Amino acid sequence: MEMTFYLPPWNSSLEHPLLRGDDLHVWRAVLDQPASVVQSFLSILSSDERRRSGNYYFPKDRDSFVIARGVLRTLLGRYLNMQPDQLRFCYGAQGKPGLTVPSGTNQIRFSVSHSHKLALCALTRNREIGVDVEYVREDLANTEIAERFFSRREAAMLRALPIERRAEGFFNCWTRKEAYVKARGMGLSLPLDQFDVSVGPGEGAAILSTQESSKEALAWSLRDLAPAHGYVGALAVAGGNWRLSCWDWTG
């Protein structure tokens, strides 16, 4: 069922945003943009990014990728006072992107996620970060998928929820896990059933336990986001004592 696309208010866009050491900024961008915006963003992407955009079969998916990457480049350019097309990315062993910058700089870390009509870009300095946003599709939120990908504890918590709250609980779990995996930069090498996150609607986002060590769960902070009606979002950040601000990208 198509949900009404409603954006709750976030902070107005800043032309010259300032990212201090303990700041964490999340930017929200609508992916439905005119063809002129898509073409403008294509012009600032690297040859590798343009090649990746060409791998999408459906034009809508291709355009969403271009807009998400274009917004990311535009934002990073503002924070670093650089031209967006001059930014260079490097990639970890499991594909986590980072900036190629001179050593000794106060390095910006970032994470990007997009789903359906919405993209989120999260940025901070000198700490790992991961963000995930998902459009709520009730046909995907079932116990069979949960039992296949979630931990036993999470699947049990999901089954214990009232039926009318299970879709929300499912996507709470999914986004929290994806944000954490992205922050770790381990991709599929970190199985989703090897750690537990909170699930229940209204329950604070948290990593409950991991099979690695008891200290690992304490080393990370999880935070729910409210991207738009019909969407669920989550943020995973190394450590604590950070200040979150949420902004709207308006071009």
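No value in this document is a laboratory result; all are computed from the given coordinates. Please read all numbers here as calculations on a predicted model, not as lab measurements. All Cβ positions, glycine included, derive from the backbone under ideal geometry; neighbour counts span all protein chains shown.
For the stretch 134-235, the C-alpha radius of gyration divided by 2.2 N^0.38 Å, with N the number of residues, is 0.99. All C-alpha pair distances within the chain, sorted into 10 Å bins from zero, spread as 7, 30, 37, 21, 5, 0 percent across the bins. Close amide-amide hydrogen proximity is noted between W247 and N11, V26, W27, R28, each under 5 Å apart and 5 or more residues distant or on a separate chain (H modeled in the peptide plane; Pro and chain starts excluded). Taking label positions 7 Å along the Cα-Cβ direction at both D23 and A35, the computed distance is 3.8 nm, reported to one decimal. Using the Cβ-Cβ distance between N81 and A156 with R0 set to 41 Å, the FRET efficiency from 1/(1 + (r/R0)^6) comes to roughly 0.25. Using the Cα coordinates of the stretch 14-161, the gyration tensor eigenvalues translate into equivalent-ellipsoid semi-axes of 30, 21, 15 Å, sorted from longest to shortest.
Rounded to the nearest Hz, the phi-derived 3J(HN,Hα) couplings of the stretch 52-61 under the Karplus curve 6.51 cos²θ - 1.76 cosθ + 1.60 (θ = phi - 60°) are 4, 4, x, 7, 6, 6, 8, x, 4, 5, where x marks glycine and proline. Between the stretch 83-136 and the stretch 7-66, the alpha-carbon centres lie 12 Å apart. Peptides 201-214, 112-125 ranked from most to least packed by the mean count of surrounding Cβ atoms within 10 Å: 112-125, 201-214.
Provide the net charge surrounding D32, with neighbours chosen by a C-beta distance below 12 Å and charges set as Lys +1, Arg +1, Asp -1, Glu -1. Neighbourhood net charge equals +1. Could you tell me which residue out of S111, L87, V232 lies farthest along the dipole of the chain toward its positive end? Charges go on the beta carbon: Lys and Arg +1, Asp and Glu -1, centred on the Cα centre. Looking along the dipole axis, the top candidate is L87.
Summing Lys and Arg as +1 and Asp and Glu as -1 over all other residues whose Cβ lies under 11 Å from the Cβ of G185 gives a net charge of +3. For the stretch 166-251, the dipole from Cβ point charges (+1 on Lys and Arg, -1 on Asp and Glu) about the Cα centre works out to 160 debye, to the nearest 20. When peptides 133-143, 90-100, 224-234 are ranked by their average number of other Cβ atoms within 10 Å per residue, the highest-first order is 224-234, 133-143, 90-100. Rounded to the nearest 20, the size of the Cβ-charge dipole of the chain about its Cα centre is 660 debye, with Lys and Arg at +1 and Asp and Glu at -1.
The fraction of all Cα pairs in the stretch 145-205 landing in successive 10 Å bins from 0 to the largest distance is 25, 56, 18, 2, given as whole percents.
Of the residues A179, L45, Y135, the one whose Cα sits farthest toward the positive end of the charge dipole of the chain, with +1 on the Cβ of Lys and Arg and -1 on the Cβ of Asp and Glu, is L45. Modelled spin-label separation between L208 and F58, with each label point placed 7 Å from Cα along the Cα-to-Cβ direction: 3.4 nm. For the chain, the 222 nm mean residue ellipticity estimated from helices alone, with every DSSP H stretch of n ≥ 4 adding -39500 (n - 2.57) and the total spread over all residues, rounds to -9000 deg cm²/dmol.
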